[in-house]
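What follows is a single structure, written as C-alpha cells, with notes after it.
The values are calculated or read from the model by the stated rules, or taken from the named source; none is laboratory data. None of the values given here were measured: they were computed from a predicted structure. Every residue, glycine among them, receives a Cβ derived from its backbone with ideal geometry; neighbour counts consider all protein chains shown.
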Amino acid sequence: MDPVKERVAKLIAGDITLSDRPNEALKRWREIFNLSQKTLAEALKVSPSFISDYESGRRKSPGTTTIKRIVETLIRADEERGGKMILAFKGMFGAHFSPDIILGITEFKKPINGQSVCRAVNGRVVANRHLLNRKLFGYTVIDSYKAVMKLSVDEFKQLYGLSSERALVFTRVTTGRTPMVAVKVIGITPGMVVLHGPLKRVDPLGIRLAESLHVPLVHSHVPSVDELLEKLRHLE
C-alpha cells in the first residue's frame, strides 16, 4: 500500500479502535469521507441496518477485521472519486505552518452544525443564514494578514484539514473582502467563514462573494482572539 494511504488507514483504524465511543468515531469517519451507510454496507456485503446499528450503539463495536475492511472501503471509495481525501491527508502530513499563521486547527469528535459554531463565536450572520444547518467537521483559525502575505495557493489549501466542510475563522480582518477573495481564488469552498477583527461592517463585495459561493458568512463579536480560541475549544 502507498505509504500515505497506509498512514491514513492506521490513523483511522486506531481512532476507531481506541475511542471511548467507537460507534461515533466510525460514523464521523464515514461522514468525513462522504460515504452513505448504504454504500458502505454494499461494499461490505451487509445490510444498511447492520451499519446503522453499529453507529447508533445498538450493536457491539466491530472487531479489528471488520474495522480493517471499513477503512479499506473508505480509502478505496475515495480513490474512485479522485483521491481528494488522501490528498488532504498528504498535505496535512507534510504541512509545517508557523504558529503565528495557524492559530488553531481541530477536527471535531463528532460533526457540529453551523448554528452551534455561530453561537459559540457570538456571531452575526451576514450571508446565507439558511445554510447554517450544514455539518462541520472542524475549524481552522487563521491570521488573515500573515496567511495572505506568506502562503502559496497550495499551502492555503492545506488549511482545510481533513475536510473542507469546516469553519475557516479569519482573524485581524478589517473589511472582510480579502478573506473571501482568497477563498474564491483557492477554489475550495468551506462549510462556513467566520470574520473576526476590528471591522465595523463586512465589505459588500465579501458578502456578494459569500452569496455566490453559497457559504455562510459570520461576523464574530468576541472581544479578543484568545477568547475566540477558548470559545471554539469548548466545541471540541
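For segment 121-136, give me each residue that is hydrophobic (A, V, I, L, M, F, W, C) and within 19 Å of the chain's Cα centre (by Cα).
The answer is V121, L131, L132, L136.
For S163, the requirement of being modelled with pLDDT under 85, surrounded by 16 or more Cβ atoms within 10 Å (Cβ to Cβ), farther than 23 Å from V225 by Cβ and of a type in the set (S, T, N, Q) is met.
Summed over segment 192-235, residues that are within 16 Å of the chain's Cα centre (by Cα), among the hydrophobic types (A, V, I, L, M, F, W, C) and part of a loop (DSSP other than H, G, I, E, B) total 2.
Scanning segment 202-212 for residues that are touching a residue at least 40 places away in the same chain (Cβ under 8 Å) and surrounded by fewer than 17 Cβ atoms within 10 Å (Cβ to Cβ) turns up just one, E211. Within segment 1-50, the set of residues being in contact with a Lys or Arg (Cβ under 6 Å, 6 or more places away or on another chain) and among the acidic types (D, E) comprises just one member, E24.
Contact annotation: residue pairs with Cβ atoms under 8 Å, 6 or more positions apart or on different chains, pairing a residue in segment 178-196 that is more than 23 Å from R119 (Cβ to Cβ) with a partner that is among the aliphatic types (A, V, I, L, M) and at pLDDT 90 or above, are V181/L205; V181/L209; K184/L209; K184/L213.
Quick one: which of S56, S116, S61 is assigned by TED's automatic domain parsing to the domain that holds L26 and at pLDDT 85 or above? Show your work before the answer.
Numbers: S116 fails: assigned by TED's automatic domain parsing to the domain that holds L26; S61 fails: at pLDDT 85 or above.
Answer to the selection: S56.
Close Cβ contacts (under 7 Å, 6 or more residues apart or on different chains) running from residues in segment 55-81 that are closer than 20 Å to R21 by Cβ to residues that are buried (at least 17 other Cβ atoms within 10 Å of the Cβ) and among the polar types (S, T, N, Q) comprise E55/N23; S56/N23; G57/N23; S61/N23.
Here is a yes/no grid of residues against (1) crowded, with 18+ Cβ neighbours inside 10 Å; (2) more than 17 Å from the chain's Cα centre (by Cα); (3) assigned to a strand (DSSP E or B):
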position	(1), (2), (3)
S116	no, no, no
R119	no, yes, no
G138	yes, no, yes
K146	no, yes, no
L159	yes, no, no
V169	yes, no, yes
A182	yes, yes, no
V185	no, yes, no
P190	yes, no, no
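More than 20 Å from the chain's Cα centre (by Cα) and surrounded by 13 or more Cβ atoms within 10 Å (Cβ to Cβ): is that true of F33 in this structure? Judged against the criteria, F33 is not a match.
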